[in-house]
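Encoded as structure tokens, the structure appears first; notes follow it.
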Amino acid sequence: MSDCLFCKILKAEIPSEKVYENDVVYGFKDIQPLAKEHYLFIHKSHTKNINDLATQAPHQLTDVFTAISDFTRTNNLEEDGFRVVTNVNSNGGQTVFHTHFHVLGGEALKGFGA
């Protein structure tokens, strides 16, 4: 999509601080971090949100979560713990309409306990 911020990042039209990349997934630092470590993981193929991804290209979910697992294990986030979050549409907090997953860690995270 030509007007998608994350698609522009993938095309290197907008800079990002890459932390992970393979053939189908790209990970980068969030420019407005909500935790000591805050990364975004996106599939290189555009979908609007997780509901679109699940119906249009469910294999992408495996691609992204495998990348997150590789990244968190390699960067020692697994031992201390981390959170993966995705937002859906405006009322759910989504501001960029390209399916993406926030990986937050590096400190004790509050809320959402279970």
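Quick look at the numbers
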item: Under-5 Å amide H pairs with ASP30, H placed in peptide plane, nonlocal only; result: HIS38, TYR39, LEU40
item: Proximal aspartates and glutamates to LYS36, defined as alpha-carbon separation beneath 16 angstrom and excluding residues fewer than eight positions away on the same chain; result: GLU17, GLU78, GLU79, ASP80, GLU107
item: Kirkwood-Stokes translational diffusion coefficient of the chain, alpha-carbon pairs, 25 °C, 0.890 mPa s, µm²/s; result: 170
item: Positive-pole candidate from ASN75, THR62, ALA12, dipole of the chain, charges at beta carbon; result: ALA12
item: Relative exposure of THR95, THR86, THR72, judged by other C-beta atoms within 10 Å (fewest first); result: THR95, THR86, THR72
item: Potential lengthening between ASN89 and ASN51 on full extension [0.36 nm per residue; Cα-Cα distance subtracted]; result: 12.7 nm
item: Karplus-derived 3J(HN,Hα), 6.51/-1.76/1.60, for each residue of region 42-48, Hz, glycine and proline x; result: 10, 7, 6, 8, 6, 9, 6
item: Spin-label proximity, GLU21 to region 50-66 - amide N less than 18 Å from point 7 Å beyond Cα toward beta carbon; result: 64
item: GNM top mover of ALA12, ALA35, ALA54 - the chain, alpha-carbon springs below 10 Å; result: ALA12
item: Highest-MSF residue in the chain out of ILE50, ILE14, ILE68 [GNM, Cα springs under 10 Å]; result: ILE14
item: Overall dimensions of region 42-105 by Cα: Rg and Dmax, Å; result: 12.3, 34
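Here, each number is a calculation from the coordinates, and none is a lab measurement. In this text, all values refer to a predicted model and were calculated from it rather than measured experimentally. Note that each Cβ is placed from the backbone with ideal geometry, even for glycine, and that neighbours are counted across all protein chains shown.
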